[in-house]
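S.K.: Mind looking over this structure? Questions follow.
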Amino acid sequence: MNDDDAAPPPDWCLTWEGFDPAQEGLREALCTLGNGFVALRAAAPESRADGVHYPATYLAGGYDRNVTPVAGREVENEDLVNFPHALALDWRVADGDWFGAGGLERLEHRQTLELRAGLLRRSMRCRDAAGRIVRVEQRVLVHIGQPHLAALQMTITPENGAATIGFASRLDGNARNAGVARYRDFDGRHLDVLEATVDDDETLFARVRTRQSRLELALAARTRAWRGDEPLALVPRRVVDEGLAELAFEVAAEAGQALRIEKIVALYSSRDAATSECGLAAREAVAHAGSFDALQRSQAVEWRHLWQRFDVGDVEIDGANAVATRRVLRLHAFHLLQTVSMHTIDLDAGVPARGWHGEAYRGHIFWDELFIFPLLNLRWPEVTRALLLYRWRRLDAARANARACGLRGALYPWQSGSSGREESQRVHLNPMSGRWVADDTWLQRHVNAAIAFNLWSYWQVTRDMEFMAFHGAEMMLEIARLMASLVSYDAASDRYEIHGVVGPDEFHTALPGAERPGLSNHTYTNLMAVWVLARALELLELLPEERSAELAERIGLGDDERAQWDAISRRMRVVFLPDGIPAAFEGWDGLQELDWDAYRARHGDIHRLDRILEAEGDSVNRYKAGKQADVLMLMYLFSAEELAELFGRLGYDFDPALIPRTVAYYTARTTHGSTLSRVVDAWVLARADRRHSWEQLQLALRSDVDDVQGGTTAEGIHLGAMAGTVDVLQRGYTGIETRGDTLWLNPCLPEEVRRLRLLVRYRGHAIELEIGPGTLEIHARDHARAFTAAPVRVGVRDEIFMLAAGQRRAFELPAGPAPCAQDDPGRMG
């Protein structure tokens, strides 16, 4: 056994024993392999879309639009397109039925995702109707370093007698979107097959084109076979039929003699850089590609480099779930790195909420960047920069969106795809009632504040003046202009107000009986608007004077408008409940309390309370019940000091002791219908209630691996929650903040975490952190590039010092739960 075949440690792999058709969709999503350019769901190579399996190939940013008559209207959707199954390879014993058609009985089945090497393995023992038993071993990879290559190795060994094994290697261009059951009323046909050919005895070729966006994908597949170590000269049957290209062949083997088949696929699109034509590029790449073993070896090197930068499992944990916790943390980082990678830098693609792993949310980009970018900023800021440019390229579209809504500035859409227009639908199918109902969640204007927050956070970590001066600042200023245009002035209260919006909660889209959708004085939206306006004014002072003047002239920003921004940022209205807790929105206090125990007893799972109530002829708008963290997002994004500054700017008193009361009030009224909700709860409880924080983190870690929402993970993983759980460990429990030109550290580990080691990047430095019981060690690595970076300000609790490359500092920290809580009961990150 070589190193590549050595079994990985249990905290570096996920293993499933046995085949369970009901769980196959979940496993296909969790074992998806990708590299930031392309992702392949982990459907078995023999499989077809049949209700159990859903083979799919997705390109990052590979969208297409289609129109379907639904509920009396023409509905246009832009979808992430399912391209042809790249690694399709079926087999059978003698002339029996194909395995993919159910032709053999599974005696054993084992599937393992090896995170350290980016490798998927399957092992099966199967028996045909004649009693012949074969062992099947499969290895699959999507090369993390060579983004256009994917590979499959299948080894079949007869066990109880000689056998002839038939194989069929296919490329079928007739793929369609059908991965989400509630979308199947929509037209899922997005592809036209331009070519499907057999080039020679080992090479298949297919080219497809999306119908509206005209995006072409070319696939060239090379299939080779060995008996033992002997390469075989195949003379296959060539089949070309209505978009299908196939090579079929038979190979005889004695009992115990292994037959090895390798299928290497090259995928190129018509938008790829440094190519003349995608079909030519695919054919050339597959002709020169190495063997599966060579590709696996080179990929192992690439993944080793990535894990040196991104391993989040270097944590000592007490308790029975220590291994599982490290394993899932690594799984979450793994899927982030497969969705966004070094290849993202060359693409015009955002961060989809569900990864490039399935068709849920149609592959759209929402606000999940808010949970993803903080992790990337401190590990791989170059990728954050590339993803922020996705928003920059759609700035003009955001301006057009604002004008269409009678607003100024840049209005980024709640759901974004290829062009930056609003992709949200205005109707939604409730699968519980079968009714199409109005969907007003597109009124979530807070997505713009999230983009501004991401710009500012990237700037705080990197101090990338070139990016901010020529890209980020203009976005920031136009978002500030949008926020100012959302407000209206109320003379009676001498306060500015915002009406007609929906918050992160998403359940509440209007007050009961309201004629129009939207809420008034939504606390999170109002305070984020204040923060955006204040930061935009600060940014104008931070930019080089010449560039600041150029931008002001470019967008027509005068002194009067700046003065208005300042006034709004000091007189925005915030609504409070009688006990001083910020109300979710104006009118919240007049809503009814929900009988939570009764609904849980009646329905069990009430994550989607909105659907339950609509099916009963009721509306969630009538109740004090939220889908996910809303007001608590303020405690997630800001420290107690920053919240005090925000409220104080508006002339409101702020007591940090209000934070735990606010957390308790809203967590008791939340269904956690979003996987992001548990992440926020874990974060906001990290100081005042570490035990409960750890429990919430454990629940968040199980969101996808246990499919807690009952079938949603099979449609695509939840990338924001995945990155968010890792970031709770990275920033939440370490107390990392990047503000005021200082890297702040204020560790407060849960009792279950004995020791935590991290490597973060901050303004040109690679900084090692080790946190143990009562200790903190900081080491700025002394690599050559760091010597060119200026020393950075680091704050540990109340002490601030300068840290230069090669320097170390050690600190003794108060141990035990009390100091963490009393140090700052509201310090949330």
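The values are calculated or read from the model by the stated rules, or taken from the named source; none is laboratory data. Predicted, not measured: the structure shown is a model, and the values here were computed from it. Virtual Cβ from ideal backbone geometry, glycine too; neighbours counted across all protein chains shown. Surface areas here come from the heavy atoms of the whole protein model, side chains and all, with no ligands, DNA or RNA. Shrake-Rupley method; radii C 1.70, N 1.55, O 1.52, S 1.80 Å.
S.K.: Among what's in the stretch 124-160 and is open to solvent by less than 10 Å² (accessible area, probe 1.4 Å) and part of a loop (DSSP other than H, G, I, E, B), pick the residue that is farthest from residue 91 (Cα to Cα).
M.R.: 144
S.K.: Could I ask something else about it? Could you identify the single residue in 759, 776, 729 that is among the aliphatic types (A, V, I, L, M) and open to solvent by 20 Å² or more (accessible area, probe 1.4 Å)?
M.R.: 759
S.K.: If you don't mind, there's one more thing I want to ask. Among the listed residues 757, 731, 761, which satisfies the condition of being part of a helix (DSSP H, G or I) and over 30 Å from residue 431 (Cβ atoms)?
M.R.: Selected residue: 731, the only one of 757, 731, 761 that is part of a helix (DSSP H, G or I) and over 30 Å from residue 431 (Cβ atoms).
S.K.: If the Cβ limit is 6 Å and pairs must be 6+ apart or interchain, which residue in the stretch 587-604 that is farther than 23 Å from residue 500 by Cα pairs with which residue that is assigned to a helix (DSSP H, G or I) and at pLDDT 95 or above?
M.R.: Correct list of pairs: 603/612.
S.K.: Considering only the stretch 476-514, how many residues are surrounded by fewer than 24 Cβ atoms within 10 Å (Cβ to Cβ), aliphatic (A, V, I, L, M), in contact with an Asp or Glu (Cβ under 8 Å, 6 or more places away or on another chain) and not in a helix (DSSP H, G or I)?
M.R.: Summing the residues that are surrounded by fewer than 24 Cβ atoms within 10 Å (Cβ to Cβ), aliphatic (A, V, I, L, M), in contact with an Asp or Glu (Cβ under 8 Å, 6 or more places away or on another chain) and not in a helix (DSSP H, G or I) in the stretch 476-514 gives 2.
S.K.: Can you run down the residue pairs with Cβ atoms below 7 Å, 6 or more apart or on separate chains, where the first is in the stretch 537-552 and basic (Lys, Arg) and the partner is open to solvent by less than 60 Å² (accessible area, probe 1.4 Å) and in a helix (DSSP H, G or I)?
M.R.: Once the first residue is basic (Lys, Arg) and sits in the stretch 537-552, its partners that are open to solvent by less than 60 Å² (accessible area, probe 1.4 Å) and in a helix (DSSP H, G or I) give 547/469.
S.K.: Quick check on the stretch 547-556. Is at least one of its residues at positive phi and either assigned to a helix (DSSP H, G or I) or surrounded by fewer than 17 Cβ atoms within 10 Å (Cβ to Cβ) (or both)?
M.R.: Among the residues of the stretch 547-556, at least one is at positive phi and either assigned to a helix (DSSP H, G or I) or surrounded by fewer than 17 Cβ atoms within 10 Å (Cβ to Cβ) (or both), which makes the answer yes.
S.K.: Tally the residues that are open to solvent by 30 Å² or more (accessible area, probe 1.4 Å), within 30 Å of residue 712 (Cβ to Cβ) and not hydrophobic (A, V, I, L, M, F, W, C), restricting the search to the stretch 434-475.
M.R.: So the count comes out to 4.
S.K.: Between residues in the stretch 704-717 that are in a helix (DSSP H, G or I) and residues that are of a type in the set (S, T, N, Q), which pairs lie under 6 Å by C-beta distance while being six or more apart or on different chains?
M.R.: 704/713
S.K.: From the list 305, 364, 288, which one is touching a Ser or Thr at 6+ places or on another chain (Cβ under 8 Å) and not hydroxyl-bearing (Ser, Thr, Tyr)?
M.R.: Exactly one of 305, 364, 288 is touching a Ser or Thr at 6+ places or on another chain (Cβ under 8 Å) and not hydroxyl-bearing (Ser, Thr, Tyr), namely 364.
S.K.: In the set 178, 168, 117, 163, which member is buried (at least 19 other Cβ atoms within 10 Å of the Cβ), modelled with pLDDT of 95 or more and under 29 Å from the mean Cα position of the chain (by Cα)?
M.R.: 117
S.K.: Name the residues in the stretch 613-631 that are under 13 Å from residue 592 (Cα atoms), in a loop (DSSP other than H, G, I, E, B) and in contact (Cβ under 8 Å) with a residue 24 or more places away in the chain, would you?
M.R.: Passing the criteria: 619, 624, 625.
S.K.: Kindly indicate the residue of the stretch 604-655 that is at positive phi and at pLDDT 95 or above and also nearest to the chain's Cα centre (by Cα) among those meeting that condition.
M.R.: Step by step, filter the stretch 604-655, then rank; the result is 617.
S.K.: Give all pairs with beta carbons closer than 6 Å in which a residue from the stretch 215-227 that is under 14 Å from residue 200 (Cβ atoms) and at pLDDT 95 or above meets a residue that is open to solvent by less than 10 Å² (accessible area, probe 1.4 Å) and β-branched (Val, Ile, Thr); count only pairs at least 6 apart in sequence or on separate chains.
M.R.: 220/286; 221/265; 222/264; 222/286
S.K.: Is there a residue being in a strand (DSSP E or B), open to solvent by less than 40 Å² (accessible area, probe 1.4 Å) and in contact (Cβ under 8 Å) with a residue 40 or more places away in the chain anywhere in the stretch 298-310?
M.R.: Checked the stretch 298-310: no residue is in a strand (DSSP E or B), open to solvent by less than 40 Å² (accessible area, probe 1.4 Å) and in contact (Cβ under 8 Å) with a residue 40 or more places away in the chain.
S.K.: Against the definition (of a type in the set (A, V, I, L, M, F, W, C), open to solvent by 50 Å² or more (accessible area, probe 1.4 Å) and either at pLDDT 95 or above or not in a loop (DSSP other than H, G, I, E, B) (or both)), how does residue 664 come out, yes or no?
M.R.: So residue 664 fits the description; yes.
S.K.: For the stretch 400-433, which positions are open to solvent by 50 Å² or more (accessible area, probe 1.4 Å), out of contact with any Asp or Glu (no Cβ under 9 Å at 6 or more places or on another chain) and part of a loop (DSSP other than H, G, I, E, B)?
M.R.: 405, 406, 431
S.K.: Here is a follow-up. Restricting the search to the stretch 665-680, which residues are touching an Asp or Glu at 6+ places or on another chain (Cβ under 9 Å) and not β-branched (Val, Ile, Thr)?
M.R.: Hits for the stretch 665-680 are 665, 666, 669, 672, 673, 674, 676.
S.K.: State whether the residues of the stretch 363-384 include one that is over 19 Å from residue 58 (Cβ atoms), buried (at least 24 other Cβ atoms within 10 Å of the Cβ) and among the β-branched types (Val, Ile, Thr).
M.R.: Yes - at least one qualifying residue is present in the stretch 363-384.
S.K.: While we're on this one: When you scan the stretch 9-70 for strands (runs of 3 or more DSSP E) that lie fully inside it, which ones turn up with 3 or more residues that are under 16 Å from the mean Cα position of the chain (by Cα) and touching a residue at least 60 places away in the same chain (Cβ under 8 Å)?
M.R.: Here the list reads 38-40.
S.K.: What is the one condition in (1) part of a strand (DSSP E or B); (2) at pLDDT 95 or above that residue 75 does not satisfy?
M.R.: It is condition (2) that residue 75 fails.
S.K.: A further question on this structure: Residue by residue through the stretch 669-701, note down the ones that are basic (Lys, Arg) and open to solvent by 10 Å² or more (accessible area, probe 1.4 Å).
M.R.: 669, 678, 690, 691
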